[in-house]
Amino acid sequence: MKNITYRQVGDFNIPNLILPPEEAKIILGKWGMLHKDYLLKHKKALFATLLAEGKLYQHCAEIENQAREMFDTLVEQMKERECVIEQLKEENQLEWVCRMQNIEARVREIINQEIIYR
């Protein structure tokens, strides 16, 4: 176990937590930030544990990668199933954009339920 130092704030001792060097280099995208925010607000014990162990950003980066891969895969599958193809894009751009936005919105909802807010 690492030696943890504390600072006193009022009547409380607050641990001085410093990110390990490898954690400081991780940059989170949209999905990772959403998951981190969810943990902070709704899974406080898990958030505190991951933060104290220096694994919070690594965990959120893994969620980011899973979500990104799932997003790309599901969008492609839905495009195929719903015949949202390049020909439609050439013939009716507005229809193509509307259908793509609909697909992406549904995929975001799936990812939020299956990965981000779990």
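Just for segment 97-109: of the residues that are buried (at least 16 other Cβ atoms within 10 Å of the Cβ) and not basic (Lys, Arg), which one is farthest from Met70 (Cα to Cα)? Please lay out each step first, then the result.
Initially, segment 97-109 is screened for residues buried (at least 16 other Cβ atoms within 10 Å of the Cβ), giving 99-100, 103, 107-108.
Checking which are not basic (Lys, Arg) leaves us with 100, 103, 107.
Numbers: Met100: 16, Ile103: 13, Val107: 9 Å.
Among those that are buried (at least 16 other Cβ atoms within 10 Å of the Cβ) and not basic (Lys, Arg), it is Met100.
Could you count how many residues in segment 43-91 are in contact (Cβ under 8 Å) with a residue 12 or more places away in the chain, within 16 Å of Ile115 (Cβ to Cβ) and of a type in the set (Val, Ile, Thr)?
Of the residues in that region, 2 qualify.
Looking at the structure I just gave you, is Leu94 loosely packed, with under 14 Cβ neighbours inside 10 Å and either assigned to a helix (DSSP H, G or I) or without any contact (Cβ under 8 Å) to a residue 60 or more places away in the chain (or both)? Spell out how you get there, then give the answer.
Details: loosely packed, with under 14 Cβ neighbours inside 10 Å: yes; either assigned to a helix (DSSP H, G or I) or without any contact (Cβ under 8 Å) to a residue 60 or more places away in the chain (or both): yes.
Judged against the criteria, Leu94 is a match.
Hey, any hits in segment 14-28 for a residue that's of a type in the set (S, T, N, Q) and either at pLDDT 90 or above or surrounded by 13 or more Cβ atoms within 10 Å (Cβ to Cβ) (or both)?
no
Hey, any hits in segment 32-41 for a residue that's part of a helix (DSSP H, G or I), small (Gly, Ala, Ser) and under 15 Å from Tyr117 (Cα atoms)?
Within segment 32-41 (the criterion being part of a helix (DSSP H, G or I), small (Gly, Ala, Ser) and under 15 Å from Tyr117 (Cα atoms)), the answer is yes, since at least one residue qualifies.
The values are calculated or read from the model by the stated rules, or taken from the named source; none is laboratory data. For clarity, every value in this text was computed on a predicted model and none was experimentally measured. Here the Cβ is made from the backbone with ideal geometry for all residues, glycine too, and neighbour counts use every protein chain on show.
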